[in-house]
Structure formats: C-alpha cells, structure tokens
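Take a look at the structure set out below.
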Amino acid sequence: MKKKIYIVTLCLMAGSLAGVCPVSAEEGYQSIVEEYKKIFLTMDDVSYQYDCVLAAVGDYLDEKTDHSDTVETVKNITDTLKEKKDSLEEYTLDDKLSDLLEEYGILPEEFEAFGRSQEDEFTDTISDIEELTEYLEYAEDSEDDYDRLTVAYEEYKDIQDYMKGVNYYTNFNYWFAEWDEEMTDYVQKEVTPEIKSCISEDFVWENDRDVVERKAMRYMDDLEDYIEVLAKHTGEARERKLEIEQELGRQLGE
C-alpha cells in the first residue's frame with residue numbers, strides 16, 4: 001500500500017543534520033540542481049502516470065469510456081512503468097558531487113538514499129495500480145462490484161492527492177529550504193515548471209525547514225488515516241475475489 005514512509009524520514013534527517021553547513025551563491029549549486037532534477041522528475045513522472053490511471057478510471061465511472069478500453073489503458077500504463085523500472089540503474093554518487101553536496105549543506109549519504117528511492121516509487125505505484133486494476137476488472141460483474149470500484153477509486157484518488165503534498169514538501173522543498181534567495185530562485189526556475197504531478201496551488205514554498213517538516217507531517221497524518229481505511233477495503237475485496245474463484249472452481253468441477 002502506498003507509500004513507504006521512511007523516504008520522508010530520510011529527507012527530514014538530511015535537512016536537520018546538514019543544516020549546520022553554510023551555503024552561498026556559487027555556480028556549484030547548479031550541478032546539484034541538475035542532478036536533483038533527474039531524480040525528482042523521474043519520481044514525478046511516475047506519479048503523473050498514476051494520475052493518468054486514475055483519470056482513466058474516473059472517465060469510466062463517468063461513462064465517458066467503456067470498460068474494455070479503460071482496462072487496456074490501465075494495463076498499458078502499468079506495462080510502461082514496469083519497463084522503466086526494469087531499466088533503472090542503482091543510483092550512486094561520484095566523489096565530485098558528494099563534495100558539492102557537503103559544501104551546500106546536504107548530506108551525501110542521504111541524497112544517495114533519495115536517489116535510490118526511485119525504485120521504491122516505481123514499485124509502490126505499480127502495486128497500487130495493480131490493486132485498483134483488480135477492482136476495475138470485476139466492475140462489470142455486478143452492481144456491488146461496480147460500487148466497490150467507485151469507493152476504491154475515491155480512496156486511491158484521495159491518497160494520491162495527499163502523496164503529492166508529501167512529495168512536494170519532503171522530496172522537493174525540504175532539500176533547498178535554507179538555501180539563499182539566489183539559489184532558491186534558481187531551483188524554482190529550473191524545477192517547478194517541469195513538475196507534472198507533485199504540485200498544487202495549495203503548496204507554498206517555505207524557507208524554514210521546521211515549517212516544511214510540520215507541513216509534511218500534516219499530510220502524512222491524513223495520509224495514514226486514508227491508507228488504513230483502504231487497506232481494510234482491499235482485504236475485503238480480496239476475500240470476495242477468493243470466494244468467486246472458489247465458487248467458479250466448484251462449478252467447473254461439477
């Protein structure tokens with residue numbers, strides 16, 4: 001179930017421990033931002049593909065598309081994510097970038113862990129899509145199954161909305177919250193226009209890591225409540241699926 005909370009912890013730890021390092025506006029920070037973009041925009045694209053899945057299911061529920069086309073769309077997106085995940089190489093830092101990170105107040109080992117978390121983003125998102133696909137595939141079987149998909153869709157959509165806030169504040173804002181104005185302006189100019197998913201008019205860039213942490217934790221608290229409810233419903237849906245498969249097996253055996 002989405003998402004692994006320890007990614008948040010790593011980001012917050014990176015800020016609190018590395019904040020003692022002084023930073024200044026020098027050309028080196030541009031190299032950090034370029035490397036950062038590769039990681040965060042990959043994660044943002046995974047989130048965007050999930051947005052597309054939710055949009056496709058929403059269109060089906062609104063009777064804008066038929067069932068078979070929706071299933072095909074969702075499976076194509078899932079296959080694409082799996083291919084990208086398989087081509088992902090293990091993330092490692094070189095010595096030059098490690099030195100730059102230390103110079104600009106970011107712990108290299110935490111940044112490397114952030115880079116490696118790309119794989120978890122793929123894994124968790126694919127898992128969520130596959131869970132939602134189970135509801136989708138059975139939606140035409142009965143009115144109850146259709147209603148289960150409707151409820152699950154709303155829950156997955158709410159969770160995704162909260163995850164965008166988590167990603168914005170812990171995987172973006174927090175890394176650069178205490179950089180000076182020139183560097184922060186550069187980050188905003190280089191990264192923000194390219195974000196496709198983890199962005200909202202409700203998100204306000206903060207320059208105080210304590211404030212960022214509080215905002216992130218508010219999103220996390222609400223997110224955990226939604227995940228708990230969804231986990232209960234997912235368990236019930238899997239029990240229903242097992243009952244159907246067992247009944248089908250008995251019928252075929254007769």
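Of all residues in segment 51-67, those satisfying the criterion of being closer than 17 Å to E137 by Cβ and in a helix (DSSP H, G or I) are V53, L54, A56, V57, G58, D59, Y60, L61, H67.
Among the criteria (1) more than 21 Å from the chain's Cα centre (by Cα); (2) surrounded by 13 or more Cβ atoms within 10 Å (Cβ to Cβ); (3) of a type in the set (G, A, S), the one A216 does not fulfil is (1).
Working only within segment 144-179, note down all residues that are acidic (D, E) and either part of a helix (DSSP H, G or I) or closer than 19 Å to Y60 by Cβ (or both). Even if it seems obvious, please write down each step before you answer.
Pass one, segment 144-179, residues acidic (D, E): 144-145, 147, 154-155, 158, 161, 178.
Result: D144, D145, D147, E154, E155, D158, D161.
Pairing residues of segment 107-119 that are among the polar types (S, T, N, Q) with residues that are modelled with pLDDT under 95 and in a helix (DSSP H, G or I), at Cβ distances under 8 Å and at least 6 apart in sequence or on separate chains, gives S117/I7; S117/L10. Residue selection: E63 satisfies the criterion of being of a type outside the set (V, I, T) and exposed (fewer than 15 other Cβ atoms within 10 Å of the Cβ).
Among residues of segment 68-97 being without any contact (Cβ under 8 Å) to a residue 12 or more places away in the chain and either crowded, with 16+ Cβ neighbours inside 10 Å or not in a helix (DSSP H, G or I) (or both), the one that is farthest from the chain's Cα centre (by Cα) is D94. Taking the conditions (1) closer than 20 Å to D51 by Cα; (2) touching a residue at least 40 places away in the same chain (Cβ under 8 Å); (3) crowded, with 19+ Cβ neighbours inside 10 Å in turn, V151 satisfies each one other than (3).
The values are calculated or read from the model by the stated rules, or taken from the named source; none is laboratory data. Treat the numbers as computed from the prediction; the structure is a model and nothing was measured. Methodologically, a virtual Cβ is constructed for each residue, glycine included, from the backbone with ideal geometry; neighbour enumeration extends over all protein chains shown.
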